[in-house]
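K.L.:
Would you mind keeping the following structure in view while I ask a few things?
The values are calculated or read from the model by the stated rules, or taken from the named source; none is laboratory data. Computed from a predicted structure; not experimentally measured. Methodologically, a virtual Cβ is constructed for each residue, glycine included, from the backbone with ideal geometry; neighbour enumeration extends over all protein chains shown.
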Amino acid sequence: MQKDFINKLFSLEGKTVLVTGAGRGIGQVVARDMARAGANIAIFSRSGADETVRIIESEGGKAISIIADCTKAEEVKDGMKKILDAYGRLDVVFNNAGICYHKGIFEATYEEFRELIDINLTGEYIVAVEAARVMIELGCKGSIINMASISGTVAMTPQKQAAYNASKAGVMQMTKSLALELADHNIRVNSISPGYIATPMSVDPDFVEPELMAAWEPLMPMHRMAKPEELVGAIIWLASEASSYTNGIDVIIDGLYTAI
């Protein structure tokens, strides 16, 4: 009886979940594990997420990949229609798509700043607004989970990333504001702020200089990066009925990084 209660409380059975940027990395892992929790998965990606769909379907889950640039409202709206055609509803969004670069304020161009803000902040805003519109029209009780970062709370070191930090701080404040506007519609909006996660963006020498990775390690109280799988529990909690009174918060998952 106790096990059944816990399973039901955290279950995503019958829910439709949209995950953006799930072609690899955190998004791919979260999409897979939300499918394992019972959800039907839809993925927005600029280049497609066929491999993620294959992984989910190989385990008996349901998933579709939709080509959509989250910074373009018309593509997002069209993607929402495709989700409804496939599943008939939308219950949860994990707003994960984003980019990062390490450039100081005098190296980064203003065009690069605008691109990063457009993808990391404006894109999440567009997806959240259009998802909320669908949820309200269908009368779905919704949950929107935005990807922030501890970079929105502390200025990271030694990398130079003012644009990225600004975008994630914006996500955190946007989350609170969206939560207030959507509370009367039974739509909750929260965010998560991971610390360093072992994905290609943070461990691949093609993306990050080895000397930078070496500088991060002594700053981590747990002496390691997190695995993407270590974010899943918090995300499923925020997506499920287990968090039905949790709204407008940011969940820090950083292995003590911001505690010191």
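K.L.:
Note down all Cβ pairs under 7 Å where the first residue falls in segment 22-41 and is farther than 18 Å from Lys227 by Cα, the second is part of a helix (DSSP H, G or I) and among the small types (Gly, Ala, Ser), and they're at least six residues apart or on different chains.
P.N.:
From residues that are farther than 18 Å from Lys227 by Cα, the pairs are Ile41/Ala31; Ile41/Ala35.
K.L.:
Among the listed residues Ile126, Ile119, Ile26, Ile105, which satisfies the condition of being within 24 Å of Gln161 (Cα to Cα), in contact with a Pro (Cβ under 6 Å, 6 or more places away or on another chain) and modelled with pLDDT of 95 or more?
P.N.:
Ile26
K.L.:
Now, a different point. Looking only at segment 222-260, count every residue that is hydrophobic (A, V, I, L, M, F, W, C) and either in a strand (DSSP E or B) or under 12 Å from Ile145 (Cβ atoms) (or both) and tell me the total.
P.N.:
13
Residue by residue, here is whether (1) within 15 Å of the chain's Cα centre (by Cα); (2) over 26 Å from Lys160 (Cα atoms) holds:
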residue: Leu18; (1), (2): yes, yes
residue: Ile55; (1), (2): no, yes
residue: Ser65; (1), (2): no, yes
residue: Lys82; (1), (2): no, yes
residue: Cys100; (1), (2): yes, no
residue: Tyr110; (1), (2): no, no
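K.L.:
Moving on to the next point. In segment 196-205, is there at least one residue being within 29 Å of Ile6 (Cβ to Cβ), surrounded by 14 or more Cβ atoms within 10 Å (Cβ to Cβ) and under 16 Å from the mean Cα position of the chain (by Cα)? Break it down stepwise before answering.
P.N.:
The initial filter retains those residues of segment 196-205 that are within 29 Å of Ile6 (Cβ to Cβ), namely 197-198.
Next, only the ones that are surrounded by 14 or more Cβ atoms within 10 Å (Cβ to Cβ) stay: 197-198.
With under 16 Å from the mean Cα position of the chain (by Cα) added as a condition, the list becomes 197-198.
Yes, the conditions are met somewhere in segment 196-205.
K.L.:
Report yes if some residue within segment 172-180 is in contact (Cβ under 8 Å) with a residue 24 or more places away in the chain, among the basic types (Lys, Arg) and outside any helix (DSSP H, G or I); otherwise report no.
P.N.:
Scanning segment 172-180 turns up no residue that is in contact (Cβ under 8 Å) with a residue 24 or more places away in the chain, among the basic types (Lys, Arg) and outside any helix (DSSP H, G or I).
K.L.:
What pairs can you find where one residue is in segment 60-72 and closer than 13 Å to Gly27 by Cβ, the other is part of a loop (DSSP other than H, G, I, E, B), and their Cβ atoms are less than 6 Å apart, with a gap of 6+ or different chains?
P.N.:
Ser65/Gly48; Ser65/Ala49; Cys70/Ala97
K.L.:
Ser65 is checked against (1) touching a helix residue (DSSP H, G or I) at 6+ places or on another chain (Cβ under 7 Å); (2) assigned to a helix (DSSP H, G or I); (3) of a type in the set (Ser, Thr, Tyr) and fails just one. What number does that condition carry?
P.N.:
Of the numbered conditions (1) touching a helix residue (DSSP H, G or I) at 6+ places or on another chain (Cβ under 7 Å); (2) assigned to a helix (DSSP H, G or I); (3) of a type in the set (Ser, Thr, Tyr), the odd one out for Ser65 is (2).
K.L.:
Among the numbered conditions (1) without any contact (Cβ under 8 Å) to a residue 24 or more places away in the chain; (2) surrounded by fewer than 19 Cβ atoms within 10 Å (Cβ to Cβ), tell me where Val53 comes up short.
P.N.:
(2)
K.L.:
In this structure, is Val129 crowded, with 22+ Cβ neighbours inside 10 Å and not polar (S, T, N, Q)?
P.N.:
Working: crowded, with 22+ Cβ neighbours inside 10 Å: no; not polar (S, T, N, Q): yes.
No: the conditions fail for Val129.
K.L.:
If you don't mind, there's one more thing I want to ask. For segment 9-27, give me the residue count where each residue is among the charged types (D, E, K, R) and within 20 Å of Ile144 (Cα to Cα).
P.N.:
Number satisfying all stated conditions: 2.
K.L.:
Do you know which residues across segment 24-48 are part of a loop (DSSP other than H, G, I, E, B) and surrounded by fewer than 22 Cβ atoms within 10 Å (Cβ to Cβ)?
P.N.:
Within segment 24-48, Arg24, Ala37, Gly38, Arg46, Ser47, Gly48 meet the criteria.
K.L.:
Which residue pairs have Cβ atoms closer than 9 Å, lie 6 or more positions apart in sequence or on different chains, and pair a first residue in segment 110-126 that is free of Cβ contacts under 8 Å to residues at least 12 places away in the same chain with a second residue that is assigned to a helix (DSSP H, G or I) and among the aromatic types (Phe, Trp, Tyr)?
P.N.:
No pair meets every condition.
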